[in-house]
Amino acid sequence: NSMRTGSKRKLESEHGPLPDNAKIQRISEMLNVDEFSRDIDEAEKEMYDMLRNSYLSIYNGVMAVAHFYLLFISILRVTLAGQGAMLTNYAAMGWLLKSAQQTAFLEIIHSATGLVKAPLLPTIMQVLGRAVVLFAVVDGEVQLQSSVACYILMVSWSAIEVIRYPFYIVSLYEWFFPRLTWARYNAWIPLYPIGITCEALLTYWCIGLVSETGRLTVSLPNMFNFSFDFTLYLKLHLLLIALGGGYLMKCMVSHRAKGLKKLSKQQGLVEVLKRENELVKIRQKKESKKVK
């Protein structure tokens, strides 16, 4: 206490008499320190949300356009040139699919940093699983690139993404597009099994080709004293496709149930609002007739 009294007297001798607690509280109320701090926090949050939404809108928009172009051109080529165009589709459009898949690695960062609410494990499984099939399996074997399974894989992947990325933009701003929401939670039912089947077929065929050529296989002895059997890895990856595909579809079943339940509630609210608007119009017409 004596030390506090001494410090107070020293401050009063240097700066004059100090305000009492009541004055301090009054000054604080006048300055609205707490309110000012809340305003700063709200402004920072609004700025973060604006930057986040702008970035995600650009990312999802670019990915949607890329996959739409890939899907459109792939179907158009077969429509105009016949089924033979399936065998050359990867040579013509593979560059775009590879660019889009490389960009998709950002989705792992989005999930890991909390930029989006997507669960991390399914995101990693989907992005890395596709990357292995595309870059290590298909892109390394010309024979696989000219297969019908490769064409169907490209079309099924793009068909899923043409729906998924616009849905993310709509969800970002909480817009109401019931048909897009319905497509998001139903289109995967045929497309996921088709895509997973093509991934498995291409990986299985690649095992036979790699066992003959030894591509990406590292044998002993070498300066790093390290060996890697790419054929064995592909066999393991084939198992992961089956297990991972089942897990992803299980996740989608859960998302579908929640998404369609939310959609039904939104559609119910829309119907209620429509009926209320109709009642208001009827009342307005009755009132206008009475005035006349």
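Key figures for this structure:
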read-out: For the stretch 92-140: relative contact order, % (alpha-carbon pairs under 8 angstrom, 6 or more apart); value: 38
read-out: Over the chain: helical MRE at 222 nm, DSSP H runs n ≥ 4 each giving -39500 (n - 2.57), nearest 500; value: -27500 deg cm²/dmol
read-out: Given Lys45/Lys258; Lys117/Lys258; Lys265/Lys286; Lys45/Lys117; Lys117/Lys250, the pairs whose alpha carbons are separated by over 22 Å; value: Lys45/Lys258; Lys265/Lys286
read-out: Dipole-positive endmost among Val132, His255, Phe176 within the chain (Cβ charges, Cα centre); value: Phe176
read-out: Relative packing of peptides 114-123, 45-54, 191-200 - highest average C-beta neighbours within 10 Å first; value: 191-200, 114-123, 45-54
read-out: Residue with peak Gaussian network fluctuation, the chain [Cα springs, cutoff 10 Å], from Arg164, Arg256, Arg215; value: Arg215
read-out: Identified option (computed Kirkwood radius over Cα pairs in Å; candidates (i) 21.0; (ii) 24.5; (iii) 19.5); value: (ii)
read-out: Debye, to nearest 20: dipole size of the chain, +1 on Lys, Arg Cβ, -1 on Asp, Glu Cβ; value: 1620
read-out: Relative contact order of the chain, defined on C-alpha pairs under 8 angstrom at six or more residues apart (%); value: 16
read-out: Relative contact order, percent, the stretch 56-157 [alpha-carbon distance under 8 Å, six or more residues apart]; value: 34
read-out: Net dipole in debye of the stretch 166-292 [+1 Lys, Arg Cβ; -1 Asp, Glu Cβ; about Cα centre; nearest 20]; value: 1660
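Where a number appears in this text, it was derived from the coordinates with a stated rule and is not lab data. All of these numbers come straight from a predicted model, not from anything done at the bench. Positions of Cβ are generated from backbone atoms using ideal geometry, with glycine treated the same way; all protein chains shown enter the neighbour counts.
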